[in-house]
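Reading through the C-alpha cells given below for one structure.
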Amino acid sequence: MEKFKINILCSLVFALFKSLSYVVKFKPVNVPEIDQFIIALWHAHQCVLYGVKNKHLLNVLISKSNDGEIVARAAEGLGLKTIRGSYGRKGAEATLKLIEKLEQGENIAITVDGPKGPARVVKKGIVNIAKISQVPIIPLVWHSASKCFLKFSSWDSFRFPMGAMQTVALYGDPIYVPSDCDEDGIEFYRKKVEDELHRIEKNLLENYDEYLKS
C-alpha cells in the first residue's frame with residue numbers, strides 16, 4: 001500500500017513539474033564557459049536545476065527517503081540524473097558515485113547545506129570532492145519577484161513555483177581546490193564557497209531587475 005501511495009504521488013509531482021517547466025523561465029547570467037563543473041547550491045534553491053542546460057549530463061544527489069523517491073522520479077522525468085544517498089563520511093558510497101560520474105566526464109550538483117541544515121552553511125564534502133576530482137565548484141542561486149510560490153515551513157524556507165514566472169539564475173565564478181589541500185585548506189575553500197553563495201545571492205537580490213532586462 002505504501003508503494004502504491006508513493007507511485008501515485010510520484011505521478012502527480014512529475015505532472016506538476018512537467019507543466020511548470022513550460023511556464024517557469026530561467027534567465028542564466030554569468031554562465032561559466034567550462035565543460036565540467038560541480039554546482040553548489042542552497043537546499044532551498046533546488047528548483048534552479050531545471051533551468052540548467054545539458055541536464056542529461058547533470059547528476060543530482062537526492063536522499064533515500066520516501067520524499068526523496070518522489071523528488072528523484074520527478075527529476076529523472078525532466079531529464080536530470082540522480083544519485084541516491086548523502087555525501088560526506090556517512091555517505092561514502094554516494095560520494096564515490098559522484099566522483100565516478102565526474103571521472104566519466106559528467107557534472108554533479110550538491111545542496112551544500114542539506115539535507116537538514118543548518119541553512120546556508122556549507123558542509124565540507126563538496127570541497128573534498130572537488131579536491132579529489134580536480135573539477136571546479138560553480139556556486140548557483142536563483143530569484144524571482146513573482147508571488148506565485150508555495151512556501152514551506154521547513155528549516156530551509158523552501159519555495160516551490162506554482163505559476164508562470166520569470167526568474168534569474170546567477171552563476172558565481174569557478175572555485176578550484178588544489179589537489180594538495182590540507183585540512184586548513186579544506187576549511188578555507190569551504191568558507192570560500194559559502195561566502196561566494198552569499199555574495200551572489202545578495203548581488204542577485206539587489207540587481208534582479210537589471211539582470212532581467214539585460
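Just so you know, all these numbers are worked out from the coordinates, no wet-lab data involved. Because the structure is a prediction, the values reported are computed rather than measured. For neighbour counting, all protein chains shown are included, and Cβ atoms are generated from backbone atoms with ideal geometry for every residue, glycine included.
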Positive-pole candidate from 72, 212, 140, dipole of the chain, charges at beta carbon: 72
Selected from 176, 50, 22 as most flexible by GNM, with the chain as the system and alpha-carbon contacts under 10 Å: 22
Whole-number Å³ per residue for the convex hull built on Cα positions in the range 56-166: 123
Relative contact order of the chain, pairs being alpha-carbon contacts under 8 Å that are 6 or more residues apart, as %: 27
Value of relative contact order over the range 97-172, rounded to a whole percent, pairs C-alpha under 8 Å and six or more apart: 26
Three-way shape label, the chain, alpha-carbon gyration tensor, a/c 1.5: oblate
More than 19 angstrom apart: percent of Cα pairs within the range 1-53: 48
Ellipticity estimate at 222 nm from DSSP helix runs (n ≥ 4, -39,500 (n - 2.57)) divided over the chain, nearest 500: -13000 deg cm²/dmol
For the chain, built as a Gaussian network whose Cα springs stay under 10 Å, the top-fluctuating residue of 173, 182, 113: 182
14 Å beta-carbon shell around residue 170, net charge (K/R +1, D/E -1): -3
Calculated over the range 150-209: convex hull of Cα atoms, volume per residue (Å³): 120
Inter-part distance where the range 169-195 and the range 17-57 are each reduced to a Cα centre, Å: 21
Total charge dipole magnitude, the range 67-172, about the Cα centre, Cβ charges on Lys, Arg, Asp, Glu only, Debye to nearest 20: 340
Placed amide H near residue 82: partners under 5 Å, 5+ positions off or other chain: 60
Within a Gaussian network of the chain (alpha carbon springs, distance under 10 Å), most fluctuating of 134, 46, 104: 104
Aspartates and glutamates with Cα under 20 Å of residue 5, excluding same-chain neighbours fewer than 8 positions away: 67, 69, 76
